[in-house]
């Protein structure tokens, strides 16, 4: 199997995806900023589409969502 090359654009995120993930996590801009190591002002700019969402921030957002989904799945299994 060929090794996949990752490119910088693979780490981009649309403002719509950013908003969707923040909403799914149920985090305020302040709480999200603390979780990803950013400022509330930066979160506001990403939500408004004023700054590109790329690299570490895009990965962090996707990681937080995945982590939350895993927690929900574990809780569901434990309740069986």
message = Please state the shape class of segment 39-80: rounded when a/c is under 1.5, otherwise prolate if a/b exceeds b/c and oblate if not, all from the C-alpha gyration tensor.
response = prolate
key: the chain, helix-only ellipticity at 222 nm - DSSP H runs n ≥ 4, -39,500 (n - 2.57), divided by all residues, nearest 500   = -20000 deg cm²/dmol
note = Checked segment 18-62 against the a/c 1.5 cut and the a/b vs b/c comparison, axes a ≥ b ≥ c from its Cα gyration tensor; verdict rounded
ask   = In whole percent, what relative contact order does segment 11-78 give with Cα contacts below 8 Å and a gap of six or more residues?
value = 43 percent
inquiry  = Please list, short to long, the whole-number percent of alpha-carbon pairs of the chain in consecutive 5 angstrom bins beginning at zero.
reply    = 3, 15, 22, 22, 13, 11, 8, 5, 1, 0
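Rule-based calculations on the coordinates, nothing more; no lab input. A quick note: this is a predicted structure, and the numbers were derived from the prediction, not measured.
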